[in-house]
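**Q** Here it is, the structure in full.
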Amino acid sequence: MNELTWRRRALLQAAAAGAAGAFAPTLRAQAAWPTKPIRFVVPFAPGGSSEIVARSSAAELAKLLGQSVYVDNKPGAAGNVAMQEVARADDQHTLILGHIGTLAVNPYIFDKLPYDPNKDFKPVSLLAKVPSLYLVHPDLPAKNLKEFVALVKSKPGRLNYGSAGNGSAGHLAMEYLKMAGELFMVHVPYRGTGPQLTDLLAGRLDAASVGAPAVLQFIKTGKLRCIATGTPQRIPQLPDVPTVAEQGFPGFEMTQWYGMLAPSSLPQPAIDKLAAACAKAMKEPTALERLNADAAIAVGGTPAEFAKFIGVEQQRWKAVIARAKIKPD
């Protein structure tokens with residue numbers, strides 16, 4: 001090796017060592033993530049299925065990640081307010097609960113969104129699926145779905161149903177049923193599941209479709225009547241309640257789903273660490289017990305699986321929204 005070659009090699013080795021030294025703090029920071037409490041944003045009002053799923057997963061994630069994970073409800077504009085805020089978050093410790101509405105519905109009911117569901121976020125994990133239940137107030141003279149359909153058809157436009165807002169999962173579920181049964185009902189949108197349930201329990205609403213976790217207690221105490229489940233099979237928590245498919249609508253299926261998203265700025269090593277923690281968290285006995293009690297189905301999939309799932313759901317609901325002509329408030 002001549003002197004010129006030796007010097008060139010020495011310079012290259014020195015440059016490489018310097019680069020490694022420069023990147024070392026970054027690598028250490030990624031390995032140490034998270035370095036402070038994590039804010040887990042729920043884009044809806046308290047009291048619904050979203051909060052139950054978020055709090056069940058947050059409690060377990062805190063144990064696994066070594067930092068507190070706190071739930072922050074931030075409702076408004078069908079979830080758009082929270083999605084926009086989190087999309088722009090750059091603290092690397094702000095996450096959001098993705099949902100059928102914000103990811104698969106809003107892109108097709110709003111002419112312009114303040115966020116791009118596919119570019120501004122990285123899918124982390126599909127956390128849970130929640131059965132959609134079809135409910136009526138006990139004073140309504142309908143013991144099952146067949147009687148409900150007959151009642152609605154006998155009084156077109158005179159019965160109403162509530163939802164957590166235009167484009168919410170409950171809105172989609174009822175529109176899906178209306179399309180299948182050729183029903184005419186008046187839609188009453190609310191700002192969240194909690195306010196909607198208040199009026200349904202008081203009898204100011206005739207019907208609604210709500211995720212199982214938020215309403216099982218009211219069904220079991222007789223304050224609400226479940227006339228059908230949107231799941232392919234009956235759920236263990238309500239074994240005597242037939243599915244929509246069993247009651248004259250073969251192939252009908254409607255479930256809500258919730259997953260974790262991060263701003264696209266979060267580095268991939270943190271995404272991978274978070275996804276692994278989610279997968280483990282959703283299998284922890286405490287989380288399973290809580291979710292099972294509320295009829296929620298724990299998932300905990302990978303980022304790639306969640307991304308594929310979102311794509312399929314977007315195509316599915318795009319067609320339903322176009323046919324039902326759903327528009328925002």
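The values are calculated or read from the model by the stated rules, or taken from the named source; none is laboratory data. Computed from a predicted model, the values in this text were never measured in an experiment. For neighbour counting, all protein chains shown are included, and Cβ atoms are generated from backbone atoms with ideal geometry for every residue, glycine included. Accessible surface is based on the protein model in full, side chains and every heavy atom, while ligands, DNA and RNA are left aside. Shrake-Rupley method; radii C 1.70, N 1.55, O 1.52, S 1.80 Å.
**Q** Over the stretch 122-195, what lengths in whole Å, largest first, do the semi-axes of the equivalent ellipsoid take, defined as the square roots of 5 times the eigenvalues of the alpha-carbon gyration tensor?
**A** 26, 14, 12
**Q** Taking the chain as a Gaussian network, Cα atoms linked when under 10 Å apart, which of Gly192, Gly300, Gly222 shows the biggest mean-square fluctuation?
**A** Residue with maximal mean-square fluctuation among Gly192, Gly300, Gly222: Gly222.
**Q** Taking 22 Å as R0, compute the FRET efficiency from the Cβ-Cβ separation of Ala279 and Thr35 and round it to 0.05.
**A** Using R0 = 22 Å, I get an efficiency of 0.50.
**Q** Using only the alpha carbons of the chain, what is the convex hull's orientation-averaged projected area in square nanometres?
**A** It is 20.1 nm².
**Q** Using a 7 Å offset from the Cα along the Cα-to-Cβ direction at both Ala322 and Gln217, what is the distance between the two label points in nm, to one decimal?
**A** That separation, rounded to one decimal, is 4.3 nm.
**Q** How large is the accessible surface per residue of the chain, computed with a 1.4 Å probe and reported in Å² as a whole number?
**A** Using a 1.4 Å probe on heavy atoms only, each residue of the chain averages 45 Å².
**Q** Taking the DSSP beta bridges in the chain as the whole, what percent of them are antiparallel, to the nearest 5?
**A** 60 percent
**Q** Taking the alpha-carbon set of the stretch 182-312, what are its Rg and Dmax in Å?
**A** 17.8, 50
**Q** Under a point-charge model restricted to the Cβ atoms of Lys and Arg (+1) and Asp and Glu (-1), what is the dipole moment magnitude of the chain relative to its Cα centre, in debye to the nearest 20?
**A** Value, rounded to 20: 300 debye.
**Q** Zone of Lys143 (label point 7 Å along Cα→Cβ, backbone N under 16 Å): which residues in the stretch 222-239?
**A** Taking a point 7 Å out along Cα→Cβ of Lys143, the residues of the stretch 222-239 whose backbone N falls under 16 Å are 225-228.
**Q** Could you look at the chain and say what percent of its accessible area is carbon and sulfur, using a 1.4 Å probe and all protein chains?
**A** Ligands and nucleic acids excluded, carbon and sulfur reach 55 percent.
**Q** Between beta-carbons, use under 9 Å as the cut-off and find the net charge around Leu140, counting Lys and Arg +1, Asp and Glu -1.
**A** -1
**Q** Which aspartates and glutamates have a Cα lying under 20 Å from the Cα of Lys63, excluding residues fewer than 8 positions away in the same chain?
**A** Glu51, Asp72, Asp272, Glu284, Glu289
**Q** Which pairs break 25 Å Cα to Cα here: Lys36/Lys129; Lys129/Lys308; Lys146/Lys318; Lys36/Lys122; Lys143/Lys318; Lys119/Lys273?
**A** Beyond 25 Å: Lys36/Lys129; Lys146/Lys318; Lys143/Lys318.
**Q** FRET efficiency for Ala293 and Asp272, Cβ-Cβ distance as r, R0 = 35 Å, nearest 0.05?
**A** According to the calculation, E is roughly 0.70.
**Q** Could you point to the residue in Gln92, Phe40, Ser168 farthest towards the positive end of the chain's charge dipole, with +1 and -1 charges on the Cβ of Lys/Arg and Asp/Glu respectively?
**A** Going by the charge dipole, the pick is Gln92.
**Q** Additional query: Tell me which lysines have Cα within less than 18 Å of Lys325's Cα, excluding those fewer than 8 residues away on the same chain?
**A** Lys325 reaches Lys112, Lys178.
**Q** Taking 0.36 nm per residue of sequence separation and subtracting the Cα-Cα distance, how much length would be gained by fully extending the chain between Asp91 and Glu253, in nm to one decimal?
**A** Additional length available on full extension: 54.4 nm.
**Q** What's the ranking of 85-95, 234-244, 43-53 by average number of surrounding C-beta atoms within 10 Å, highest first?
**A** 43-53, 85-95, 234-244
**Q** Using a Gaussian network for the chain with springs between C-alpha atoms less than 10 Å apart, which of these wobbles most: Ser168, Ser56, Ser154?
**A** Ser154
**Q** Which residues in the stretch 180-197 place their backbone N less than 17 Å from a point set 7 Å from the Cα of Ser154 along the Cα-to-Cβ direction?
**A** Within reach of a label on Ser154: 183-185.
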